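Remarks on the structure that follows.
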Amino acid sequence: MDKKFEYYARGSKVGEYAHLLWRWAWLLVLSALVAGGVAFWFFHRQSPVYQASASVMVDIAPASQSITASTVNTSQDLAATYANLMTMKPVLDETANRLKLSQFPKTASVQVKPIYNTQLMTVTVEDTNRSRVALLCNTLVQVFADQLKADQTSKYADSKKSLETELANLDQQIQTTADNLAKLGSGDQARKDQLETTLTQYRQTYASVLQSYEQIKLAEAQSASGIIIKQPAVTPDTPIRPKPVLNAILAAIAGFMLAVGGIFLNDYLDDTIRDLDELSQKWGVPVLGTIISFDNKKNELITSLEPRSPMAEAFRSLRTNLQFADAGESARTILVTSPTPD
């Protein structure tokens, strides 16, 4: 019996909630319509934003590569470093310069995210200009690749320049010595032997310097890391935001739920009794009778004045209920109340 009682009690409660929501259905609908309409109007007035993305791979320097687990860690560290560098002002300014813009568009934003456990990065550019968003993305990646190459080349620039100068001087000395040797002809054998010895020394020195120069170039190539565009950005067809219809639906749902919460909160705080059933459900006391308001100007008992009227019958019903309410015990408390202060 207890479980059956609980079942019916829950059903009654659900019915009460359903009745409450039905009574305030107009407010629920109005809240959803207002919230959805305002959201649609607000987002419809905003400028569309387009997005273009490029996939980039970090190219590790050959000298840094080895068949160890540290290779992956090195690539991830480089990707994280490059991700920060690509959003800095020098890269953005050079990108604008190559595209012949006065500055990097204020309506555009750049986001670079390394892909975990890979050598890949995703470069994403958002802009309100659909025709240039992909161009901004691809140009930015190329600018960073060029700047990265220039920075790494500058490490060996001084050494290469010094060796190139020395090679040019040696080449000039070799050419001059060879010319002087050719002018001697068959005479002055001692001078000829001296020039041949000098020419041999110059050539040996040239070969040694040239070998040093090639070693520096090899070291430069092996220590150079860079980035490679694996998938360039393409011009998008549709904006990523705003989406007025979707935003309006979400706002309508939010407005509906807020209205539901407000209704239940108001019902929880409201202690007004609207009908007899509600009085019995909330306090568990029986209603012995209901006397409606009537006008009695003669100031006589209604049962004598109008013995067969509904008011007289209501008093008789109340009398009967009071007689049987105590069920053999005298009633201790009887509440008489009215919907008005009178």
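Of the numbered criteria (1) under 49 Å from the mean Cα position of the chain (by Cα); (2) open to solvent by less than 60 Å² (accessible area, probe 1.4 Å), the one Ile228 fails is (2).
Filtering region 89-105 to residues that are out of contact with any Asp or Glu (no Cβ under 9 Å at 6 or more places or on another chain), in a helix (DSSP H, G or I) and in contact (Cβ under 8 Å) with a residue 24 or more places away in the chain leaves Pro90, Val91, Leu92, Thr95, Arg98.
Reported count of residues in region 231-267, each being open to solvent by 60 Å² or more (accessible area, probe 1.4 Å), among the hydrophobic types (A, V, I, L, M, F, W, C) and assigned to a helix (DSSP H, G or I), is 10.
Would you please list the contacts, defined by Cβ atoms under 6 Å and residues six or more apart or on different chains, that run from a residue in region 311-323 that is without any contact (Cβ under 8 Å) to a residue 12 or more places away in the chain to a residue that is among the polar types (S, T, N, Q) and surrounded by 14 or more Cβ atoms within 10 Å (Cβ to Cβ)? Between residues of region 311-323 that are without any contact (Cβ under 8 Å) to a residue 12 or more places away in the chain and residues that are among the polar types (S, T, N, Q) and surrounded by 14 or more Cβ atoms within 10 Å (Cβ to Cβ), the close pairs are Ala312/Thr303. Can you find, within region 37-52, the residue that is surrounded by the most Cβ atoms within 10 Å (Cβ to Cβ) among those that are in contact with a strand residue (DSSP E or B) (Cβ under 7 Å, 6 or more places away or on another chain) and not aliphatic (A, V, I, L, M)? In this case the residue turns out to be Tyr50. Scanning region 106-119 for residues that are open to solvent by less than 60 Å² (accessible area, probe 1.4 Å) and closer than 21 Å to Val58 by Cα returns Val110, Val112, Thr118. A single entry from Ile228, Ile216 fulfils the requirement of being in a helix (DSSP H, G or I) and in contact with a helix residue (DSSP H, G or I) (Cβ under 9 Å, 6 or more places away or on another chain): Ile216. When we screen Thr197, Thr177 for residues that are of a type in the set (Val, Ile, Thr), over 30 Å from Tyr82 (Cβ atoms) and either within 50 Å of the chain's Cα centre (by Cα) or open to solvent by less than 70 Å² (accessible area, probe 1.4 Å) (or both), the only hit is Thr177. Being in contact with a helix residue (DSSP H, G or I) (Cβ under 7 Å, 6 or more places away or on another chain), of a type in the set (A, V, I, L, M) and open to solvent by 50 Å² or more (accessible area, probe 1.4 Å) is the filter here, so list the residues in region 132-173 that pass it. None - no residue of region 132-173 is in contact with a helix residue (DSSP H, G or I) (Cβ under 7 Å, 6 or more places away or on another chain), of a type in the set (A, V, I, L, M) and open to solvent by 50 Å² or more (accessible area, probe 1.4 Å), so the list stays empty.
Going residue by residue through region 146-161, is there one that turns out to be at pLDDT below 90 and either in a loop (DSSP other than H, G, I, E, B) or under 29 Å from Pro239 (Cβ atoms) (or both)? Yes; the residues of region 146-161 include at least one that is at pLDDT below 90 and either in a loop (DSSP other than H, G, I, E, B) or under 29 Å from Pro239 (Cβ atoms) (or both).
For region 303-322, the set of residues classified as open to solvent by 70 Å² or more (accessible area, probe 1.4 Å) and assigned to a loop (DSSP other than H, G, I, E, B) consists of Glu306, Arg308, listed by residue number. Criterion first (in contact with a Pro (Cβ under 8 Å, 6 or more places away or on another chain), closer than 17 Å to Ile227 by Cα and buried (at least 19 other Cβ atoms within 10 Å of the Cβ)) does Met86 satisfy it? Answer is no for this residue.
The values are calculated or read from the model by the stated rules, or taken from the named source; none is laboratory data. A quick note: this is a predicted structure, and the numbers were derived from the prediction, not measured. Ideal geometry is used to build each Cβ from the backbone, glycine not excepted, and the neighbour counts take in all protein chains shown. Ligands, DNA and RNA are excluded from the accessible area calculation, which covers all protein heavy atoms including side chains. Shrake-Rupley method; radii C 1.70, N 1.55, O 1.52, S 1.80 Å.
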